[in-house]
Each structure stands twice: as structure tokens, then as C-alpha cells.
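**Student:** Sending over a structure as C-alpha cells; questions will come in a sec.
Only the coordinates and a few stated rules stand behind these numbers; no lab work does. All values derive from a computational prediction rather than experimental measurement. Here the Cβ positions follow ideal geometry from the backbone for every residue, glycine too, while neighbour counts run over all protein chains shown.
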Ligand code: SAH
């Protein structure tokens, strides 16, 4: 009904994925979501889609830009799905993210006046990411050309990029090697709609302190098939400093999941090493590893400080990945268990214990919600550390922790909404929230990380 009409709105907030939220006075204060609009902007928007309760708008003109606007470093940042906040000053980003944590705690967690510390930000919030997952796609206008980059916001269109303001520097040269290869090998890229073609994604990981790099090509191939002309790619990569390995990952399913199950080593090895604090870690392609290594050190140091562990503590690291948190805590406690669902990550974790001469860490493969309810029946646990994926902790895990009356909980979260939901459950189960420390792990994006300490009230 209002489609294609234009309105002037003041933007007051952002959605979870970074669209500006405003209200249209003329339409009874209908909420409108507009990409590219930032809090504080007064802008002209055109309605693209509307229903009874809200509308989507297109930013037509900035009438009065927010005082927190800056010129973004990257020229595609307004379209790219990677960064939603590059046009907002870093100081304003940090304020916004702390506000999101407070808001979720109040609205979802039912906790007023929580002690939320100032967010720990970066000094140089650019080129921090140690990982890139780049989709490749045939160019829409020129089928002889291949686009390499990131999906544009809310679509599977690929924005062709030559550099990235938030990823480690070598990504430029690596993309060029692929561009040369695609120039030589036409029609090799995957077509999602038809499920034809071969190369789907380029997955790159680099070691922050070691400079080691692995490049993984995800391909729609049968298990016994090879990548055509792989020799050109391998030769192209040999000039990349720090190259530790090239991996072919077979993914022939119709799925949005990037990595398939099988890896074949085309060159070198299938893992890199990196250091966090004084510990050395082996990281395989399929294992999770924090993407912002400089901030990871601050995150883990923050967790260690909040936890106030002692030498007689027995601890559990409930979503342990390659064992980073467990192994950093290990020297300060009696014993630490790590639980992790990905087989390769558990293998890495066990090897990482050996590499660092740590003998009081034990890693168990399986789901936390299945392993931990059994584990807590056998042994008294003093501290459990949660660092789950965005969907938060499984209710069975929370219930097991509550009934075992584990005294201390450190919860590291990458989604304040599920964090607040779980805090509400733990609060009802007898825990008290002690401190909240937000850490900016993902500058220029809407992602918010926070560490909290909860303790049983009776202790
Ligand atoms: N603490 C680690 C990993 C955090 S990411 C670090 O800081 O690097 C979350 C991890 O939980 C991933 O490694 C993921 O594979 C794992 N995971 C996801 N669901 C799980 C479950 N139900 N039980 C155990 N581990 C799980």
C-alpha cells in the first residue's frame, strides 16, 4: 500500500544484522528497517516492502547524517555482508555494543542494573581477522569473469573484492592466485542454483604470530575426482610467504554449509600453528579457532581474571574446540576437562596438551549436554566454562550444572540474546550474576562478545 512512497525518518537504533530502525510518523509510527542508515541519521527512505507491523526501506538520501558517521575504509562496506558498521566511528560502535549487552540482560534476562564493565576494544580495529571464507561465482554480466568476495547483505550475490579492511593482508595476493587460475580454467566455478560446476568457496586461515597460512578449496567433486589443473594453483601459491598447506575439501551436497567432510592435502599440511599467550596451538581446517587473535588474548585473560581459580579447582571447558581455554587455565588448577563435538578438534586439543607439556587436561569427544550430566555425577566440579556457538547452551546442560550445584560459572558468549536467556535460567536455578565484561572481537560488524561470572547464591 505504501510501497515506493518516500518518507523522512530519524534512525534511533539498529537491528541485529545492522539495519537502521526508524519510525514513520505519518504512518502511525510504523517501524521501518533500512540498510545503510545509522543511529542519529535523519534520512529520506523509500518503502520497498510493508506489512501491518513493520516495513523495509531503501536509503535514498541522508538529510542530516549522524554525528558519529565516518568515511568507511572499504568502498563496498555499505553493501558487503561482512561489515555493517564501518561508517560508524569505532568509539560509537563500542558504545553501541555495550548497550546491546545491557539491553539483552534487561529485556531477555530480566536483570536490571547488572555490573557491565566498559567494553574492551582494539587499538587498531582493522585487518584483524585471521580467517576468510570467500564464495566464488560467475559474474552476472560477463560469464567469462569470476567474482571472488563476500555475499552482499541478505543475498547470495557475490561482491567482487580485491582487498578487505578487516581481514589479514595476504588475502589480496591469495585472491589474485585464484583470479589467474579462473582466467585459465573457465567454467570451473560452482553454480548454486543448478548444482553444477566445481569450486564453491575459498577458505583461508592464517597464524597471527607464526604467519603460517593454509588455503582450502571447497569443491563439488566426487570423492575420487581431482581438481582440474591443480598444478597451476599449487605453483601460484608457492610465492605466498608463510604457505603451510593447500587442501581440497570435497563438498558435493546441496547445502549452505561451507566445509564438507573429506579433506585431501594438495600441498604441505592440513593445519597451521599459532600462539595464544604463551601456549602453542595446532589448528586443523575443520576445527574452530577464534577469528580475532589479538582480542582472544584479552578475552581469555579476562575470563581467567573473573574466574579467580585456585590450585585445588577441578574445571570443565564445555565447548572446548582445540582446547585453548582449557590449556590456558590448566597451569592454575588441579584438573581440567574439555568437551567438544568435532572429532578433529578433540584430536587437536589432545595434541595441543602434549605440545605444551600439560598433563592435567583431559579431552572428551561428544555433546556437552550428554557428556557433562554424567561427568558431574562422578566428580565434584568447582568451575564450568561455557563458550557455546551462537545458539547458546543446551537446557539439559544448564539443568545438570544447576542440580550438581557447581559453584562457579564463566560464560563466554558471542550472542547476548542467548546469553541473557541462559542467565535467566541459571538465575532461577540459584545463581547470581557477578560481572559482565564485553570484549569487541568483531569490530565493524554487529557481533558482540561478552564474558560473565555467575556464582551459586548460597556460597
Ligand atoms: N572455546 C573454544 C571454542 C568455542 S566455539 C575457543 O575459544 O576457541 C564453540 C565450540 O563448540 C566449537 O568448537 C563447536 O564445534 C563446539 N560445539 C558445538 N556444539 C557443541 C555441543 N553440543 N557439545 C560440545 N561442543 C559443541
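**Student:** Share of antiparallel DSSP beta bridges in the chain, in percent to the nearest 5?
**Tutor:** 70 percent
**Student:** State whether the stretch 47-129 is rounded, prolate or oblate according to the following rule on the C-alpha gyration tensor (a ≥ b ≥ c being the square roots of its eigenvalues): a/c under 1.5 gives rounded; otherwise a/b larger than b/c gives prolate, and the remaining case gives oblate.
**Tutor:** oblate
**Student:** Can you work out D for the stretch 6-64 in µm² s⁻¹ from Stokes-Einstein, where Rh is the Kirkwood radius over C-alpha pairs, the temperature is 20 °C and the viscosity is 1.002 mPa s?
**Tutor:** Estimated diffusion coefficient is 199 µm²/s.
**Student:** Just the ratio, please: alpha-carbon radius of gyration of the stretch 131-276 over 2.2 N^0.38 Å, N its number of residues.
**Tutor:** The reported ratio for this selection is 0.99.
**Student:** Take the Cα atoms of the chain, build their convex hull, and give its volume per residue in Å³.
**Tutor:** Spread over its residues, the Cα hull of the chain gives 159 Å³ apiece.
**Student:** Just report the Cα centroid separation between the stretch 392-415 and the stretch 196-259, whole Å.
**Tutor:** One Cα centre to the other: 37 Å.
**Student:** Also, quick follow-up: Going by average Cβ density within 10 Å per residue, which order do the peptides 300-311, 398-409 take, highest to lowest?
**Tutor:** 398-409, 300-311
**Student:** Give me P(r) over the stretch 246-329, computed from all C-alpha to C-alpha distances, binned every 5 Å, as integer percentages.
**Tutor:** 3, 11, 19, 19, 15, 13, 9, 6, 4, 1
**Student:** Also, quick follow-up: When a footprinting reagent is the concern and you count Cβ atoms within 10 Å, what order do 284, 163 take, fewest first?
**Tutor:** In increasing order of surrounding Cβ atoms, one gets 163, 284.
**Student:** Then there is this: Nearest 5 is fine: what % of DSSP beta bridges in the stretch 189-253 come out antiparallel, could you say?
**Tutor:** Rounded to the nearest five, the antiparallel share is 50 percent.
**Student:** Another one. Determine the distance separating the Cα centre of the stretch 291-310 from the Cα centre of the stretch 32-107; give it in Å without decimals.
**Tutor:** 30 Å
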